[in-house]
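Colleague: This structure is in structure tokens; I'll ask about it shortly.
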Amino acid sequence: MTISFASRQHIRDQANFLCEYCHSFEEASSSLFTLDHLIPQSLGGDDTEDNLALACHRCNGRRYNFTEGIDPETQTIVSIFNPRQNKWSEHFIWSDNG
């Protein structure tokens with residue numbers, strides 16, 4: 001990655017130090033969160049700030065280079081959550097039940 005310290009800090013600030021996927025707090029993690037490529041480099045994505053999201057290690061690892069998935073109800077291929085295009089609260093909720 002060729003991402004400057006200033007860009008990394010701007011992305012962290014913009015995300016309020018939360019994983020942009022699960023909304024976990026970076027300060028609760030044992031290490032700094034990673035930067036995830038919204039369009040993976042393997043699919044032509046670049047290192048611009050618009051293509052980067054703050055992600056905990058778990059979310060970044062599980063997302064891998066996927067940009068689409070199969071909707072379990074309709075069995076159609078749909079785009080997965082993109083924090084630059086989708087509103088988090090319309091896709092997820094926090095639950096005390098895990």
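Colleague: Every residue in the range 26-56 that is over 14 Å from Asn82 (Cβ atoms) and touching a strand residue (DSSP E or B) at 6+ places or on another chain (Cβ under 6 Å), please. Don't jump to the end; show me each part of the working.
Modeller: Step one: filter the range 26-56 for residues over 14 Å from Asn82 (Cβ atoms), giving 26-35, 41-42, 44, 46-49, 56.
Those that are over 14 Å from Asn82 (Cβ atoms) and touching a strand residue (DSSP E or B) at 6+ places or on another chain (Cβ under 6 Å): Phe33, Thr34, Leu35.
Colleague: Turning to a different aspect of this structure: Which residues, counting only those in the range 85-98, are surrounded by 11 or more Cβ atoms within 10 Å (Cβ to Cβ) and either in contact with a helix residue (DSSP H, G or I) (Cβ under 9 Å, 6 or more places away or on another chain) or more than 12 Å from Tyr21 (Cβ to Cβ) (or both)? Break it down into steps so the answer makes sense when it comes.
Modeller: To start, the set of residues in the range 85-98 that are surrounded by 11 or more Cβ atoms within 10 Å (Cβ to Cβ) comprises 86, 88, 91-92.
Those that are surrounded by 11 or more Cβ atoms within 10 Å (Cβ to Cβ) and either in contact with a helix residue (DSSP H, G or I) (Cβ under 9 Å, 6 or more places away or on another chain) or more than 12 Å from Tyr21 (Cβ to Cβ) (or both): none in the range 85-98.
Colleague: How about the range 15-55: which of its residues are assigned to a helix (DSSP H, G or I), surrounded by 13 or more Cβ atoms within 10 Å (Cβ to Cβ) and free of Cβ contacts under 8 Å to residues at least 40 places away in the same chain?
Modeller: Scanning the range 15-55 gives Glu26, Asn51.
Just so you know, all these numbers are worked out from the coordinates, no wet-lab data involved. Nothing here was measured: the structure is a model prediction, and the numbers come from that model. Positions of Cβ are generated from backbone atoms using ideal geometry, with glycine treated the same way; all protein chains shown enter the neighbour counts.
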